[in-house]
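Following: one structure in structure tokens, then a few remarks.
The values are calculated or read from the model by the stated rules, or taken from the named source; none is laboratory data. Source: prediction; values computed, not measured. Note: ideal-geometry Cβ built from the backbone for every residue, glycine included; neighbour counts use all protein chains shown. Heads up: the accessible areas ignore ligands, DNA and RNA and are worked out on the full protein's heavy atoms, side chains in. Shrake-Rupley method; radii C 1.70, N 1.55, O 1.52, S 1.80 Å.
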Amino acid sequence: MNVEFIEALEDLERQRGIDKDTLLEAIEAALVAAFRRHFGTAQNVAVRIDRETGEIRVVARREVVEQVEDPATQISLAEAREIDPRYQVGDVVEQEVTPRAFGRIAAQTAKQVVLQRIREAERDLIYEEFIAREGDIVTGVVQRVQGRNVLVDLGRTETVLFPSEQIPGERYRPGDRIKVYIVEVRKTPKGPQILISRTHPNLLKRLFELEVPEIHDGIVEIKEAVREPGVRAKVAVDTRDERVDPVGACVGPRGIRVQAVVAELRGERIDVIRWAEEPEQFVANALSPAKVTRVILEPETRVARVIVPDHQLSLAIGKEGQNARLAARLTGWKIDIHAESQAQELLARADEWDIDAVLAGVGRDEGGDAAGDAGDDLDDLFAPGALDRAREEAEAAADAWDPWADKPAGAAEDAARDGTAEDEDGAGEDAEATATEEEAARGGDAAGRAPAAEDESGEGDAAGEGGADEPGEDADGDAEADQRGAR
């Protein structure tokens, strides 16, 4: 080796960032291994490379001792002082043992070591670069598609976009530029392994940070984001400045900002909602675009009961439950959605129930078994057949009710005697009414036999009208009127 070799190492240090001293130390260690392999010595040897000239020297290292036990690694004090009188027991004596044919071996070994170190240094540099970008997005170029795997070029390295991290239905062609999220960077013997994704929720957050300056500046904050990749996503945003509308800032003028994100995700629908500290309001916002009438929380079970207008029920649930499912993931609450009619129809049958108490599972009337049983659990309240069961319980309670249970003794017998007397009086009145009807019928037959001319002249009408003021003629006038109606 010579000065040109040292200059080549300096060039590598400038271009690749590989330290020259590190390379020289690696070459020295490799030459020691090569020397032992080729010459089969048991000596404790070391290789010295001059940092200026590149000259290589192989030296044997032996320890100075009083009595030699291993001549390959030890030397007596007398022999050591023949070399240099200053040696003492415990010192190490170095003697050059460089073989004549060692130059060719050294060159081959140096070449292999340098190439290996270059590869390792590049791997370390790539690892350091991408470990700093873990959790960020990068732009890659599709190199080729192998089966369902997509090979993506990230600049200084390549990685694989696995099928589980691809947006369903998305097609990749060589040369396409795509943005990917760096999920994890691992250091392996074969180099850094970079796991990228197109389905991670944080990809959505980082895309909004690129498109919305208010998010990049920290004025608007993305609290949470959930996705069903390629189909729909929900993003909850809040603001640190009340003068800035976080939803409007993310949507942008005429929706230009959110549309840029949608285009990058190949048409994935995005709902931007306002984050709220109150769970009730946050759950109601999360079900957007549906309008929520009421939200009732059960903190013990982390269940949110949501009531929506009847015409908003399908919108709140979404296609195949998609809207409700994303809202539940966004808020962290299990969401049960019910139409207003489901609650109102049942509550209308129990006027004494408090709607708030019933929806919470407790009736207003603590002593009423029907109210308590029907409102004991909100799941039972909206379960299939709940209305029929409530109706049956109400009818059973009405049948079992005794109106005289709280009355004094003998009250029922007195009421029964009073009722019998009233029945006898009513029977007499019915008999009198029957006699009057028979008399009126006989008067009607007599009037029917009267001459027809009398009817035409109108005297019958006059007699009927006058009879209204004279006793005993009332029935005759009514009978004549019935006879004319019959003709």
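Worth a mention:
- Rg ratio (alpha-carbon, reference 2.2 N^0.38 Å) - the range 120-206: 1.04
- Evaluating 6.51 cos²θ - 1.76 cosθ + 1.60 at θ = phi - 60° for every residue in the range 61-66, the Karplus couplings come out as 10, 10, 8, 7, 9, 6 Hz, glycine and proline recorded as x.
- Pair Arg294, Glu4: separation of 7 Å Cα→Cβ label points (nm): 9.2
- Dimensions of the range 50-207 along the principal axes, based on C-alpha atoms and rounded to the nearest Å, stand at 84, 31, 29, largest first.
- Applying a threshold of 31 Å to the alpha-carbon distances of Lys187/Lys334; Lys20/Lys187; Lys187/Lys234; Lys111/Lys187; Lys111/Lys179 flags Lys187/Lys334; Lys187/Lys234; Lys111/Lys179 as lying beyond it.
- Per residue accessible area of the range 106-258, 1.4 Å probe, in Å²: 53
- Near Ile49, once Lys and Arg are set to +1 and Asp and Glu to -1 for all other residues with Cβ below 13 Å from its Cβ, the sum equals -2.
- Antiparallel content of DSSP bridges confined to the range 222-332, in %, to 5: 65
- Simple spin-label estimate for Glu122 and Ala33 gives 2.1 nm between the two label positions (7 Å along the Cα-to-Cβ direction from each Cα).
- Computed on the Cα trace of the range 49-137, the radius of gyration divided by the Kirkwood hydrodynamic radius gives Rg/Rh = 1.28.
- Å² of accessible area per residue within the range 1-90, as computed with a 1.4 Å probe and no ligands counted: 61
- Within the range 9-103, antiparallel bridges make up roughly 75 percent of the DSSP beta bridges whose residues both belong there.
- Principal axis extents of the C-alpha atoms in the range 187-281 (largest first, rounded to whole Å): 53, 28, 26.
- For the range 136-295, taking the reciprocal of the average inverse distance between every pair of different Cα atoms yields a Kirkwood hydrodynamic radius of 17.1 Å.
- The charge dipole of the range 234-309, taken about the Cα centre with unit charges on the Cβ atoms of Lys, Arg (+1) and Asp, Glu (-1), comes to about 360 debye, rounded to the nearest 20.
- For the range 12-71, with all protein chains in place and a probe radius of 1.4 Å, 40% of the accessible heavy-atom surface sits on carbon or sulfur.
- Across the range 175-229, Cα-Cα distances exceeding 15 Å account for 60% of all pairs.
- Here the Karplus curve 6.51 cos²θ - 1.76 cosθ + 1.60, taken at θ = phi - 60°, turns the phi angles of the range 116-126 into couplings of 5, 5, 5, 4, 5, 5, 5, 4, 5, 5, 5 Hz, with x standing for Gly and Pro.
- Cut-off 11 Å between beta-carbons: net charge of the residues surrounding Ala284, Lys and Arg +1, Asp and Glu -1: +1
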